[in-house]
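Input: a single structure, listed below in structure tokens.
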Amino acid sequence: MKYIFFDSSSIISLTQTNMLFLLEKLKSKEIKFCISKAVYDEIILPGQENYQFGWSSEQIAACIESGLIEVLELEEKEQKDYDLVDEQVNSIFSTKFGPIQILQKGELETIILLKRFKEKKLFSIDELITREIIDDPRKLKDIVERRYKTQLFLDEKKLKQFVDYVSDIKVVRSVDLVAYSFGKNLFAKYSKKSEHLLKSLLYALKDSGCAVLHEEIDKYAAEPH
């Protein structure tokens, strides 16, 4: 079994670009799509209160009700791990004014839930900072320093603890899922396979918030499909 967990950013990117249908095509007995309860609250509750987010949340809610996406909650014993990782990761970087919060509740819960499973697991994240704290935290230091325009202090011990904890979690983006789907010919009804079609799909995701560079899109398009 392969578990694919979404954070708010990646599933919203797929929803806003009308590509949520891919989940139904990709799901099988070997693939399960999940979100944490905190991510559910982030994407569903605002839609119940604000017309701006209502249509997106309705589409995702329908996927949950049909069983296409499963919502998982932390067990009591996992709450201790949550508190530990929360304190750990959100004090890796600090300024002279104090620690900088890197991960929010949705991302933290998802990381803890991913550790529940021994099988292959993917964390789909479109937001840059959350992805880099797992993939390349030292690169993230430069990014955050530019964003806050101040010097950051790095807690090497906590960084190593966190990196070791998430070492078995592979991070992907919505562009990765869509490029994979394109290779599986899941967009066949729209057009023949073409570099233009793939680039159009990936740029749509970029415009919806997926952190992907122009050079990365060119690389995807140049790969054989």
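The values are calculated or read from the model by the stated rules, or taken from the named source; none is laboratory data. Just so you know, these numbers come straight off a predicted model, no measurement behind them. Cβ sites come from the backbone with ideal geometry, for glycine too, and all protein chains shown count toward neighbours.
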So which pairs qualify, if the first residue must be in segment 121-133 and more than 17 Å from CYS34 (Cβ to Cβ), the second must be of a type in the set (D, E, K, R) and in a helix (DSSP H, G or I), the Cβ gap must be under 7 Å, and the two must be at least 6 apart or on different chains?
GLU132/LYS139
Could you run through segment 9-30 and say how many residues are in a helix (DSSP H, G or I) and either farther than 14 Å from LEU205 by Cα or assigned by TED's automatic domain parsing to the domain that holds CYS210 (or both)?
5
Looking for whichever is in a helix (DSSP H, G or I) and within 16 Å of the chain's Cα centre (by Cα) here; the options are VAL163, VAL175. Which one fits?
VAL175
Need the failing condition index for GLY209 against (1) in contact (Cβ under 8 Å) with a residue 60 or more places away in the chain; (2) assigned to a loop (DSSP other than H, G, I, E, B); (3) assigned by TED's automatic domain parsing to the domain that holds ILE12, just the number.
(3)
Pick from ILE217, ILE134, ILE111, ILE169: which is buried (at least 19 other Cβ atoms within 10 Å of the Cβ) and touching a helix residue (DSSP H, G or I) at 6+ places or on another chain (Cβ under 6 Å)?
ILE217
Could you check segment 82-100 and list, in sequence order, the residues that are in contact (Cβ under 8 Å) with a residue 12 or more places away in the chain, surrounded by fewer than 22 Cβ atoms within 10 Å (Cβ to Cβ) and assigned to a helix (DSSP H, G or I)?
TYR82, VAL85, ASP86, GLN88
Would you confirm whether any residue within segment 101-114 is more than 18 Å from the chain's Cα centre (by Cα) and either of a type in the set (Ser, Thr, Tyr) or not in a helix (DSSP H, G or I) (or both)?
no
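I'm checking my understanding of the structure. Among residues of segment 115-138 that are of a type in the set (D, E, K, R) and part of a helix (DSSP H, G or I), which one is farthest from the chain's Cα centre (by Cα)?
Among residues in segment 115-138 that are of a type in the set (D, E, K, R) and part of a helix (DSSP H, G or I), the one farthest from the chain's Cα centre (by Cα) is ARG138.
So, in segment 40-73, how many residues would count as being part of a loop (DSSP other than H, G, I, E, B), modelled with pLDDT of 85 or more and at negative phi?
Residues of segment 40-73 that are part of a loop (DSSP other than H, G, I, E, B), as a first pass: 50, 66-68, 73.
Going one step further and asking which of them are modelled with pLDDT of 85 or more, we end up with 66-68, 73.
Then drop every residue that is not at negative phi, which leaves 66, 68, 73.
Within segment 40-73, residues that are part of a loop (DSSP other than H, G, I, E, B), modelled with pLDDT of 85 or more and at negative phi number 3.
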Looking at the structure I just gave you, is VAL71 surrounded by 15 or more Cβ atoms within 10 Å (Cβ to Cβ), in contact (Cβ under 8 Å) with a residue 12 or more places away in the chain and within 20 Å of the chain's Cα centre (by Cα)?
no
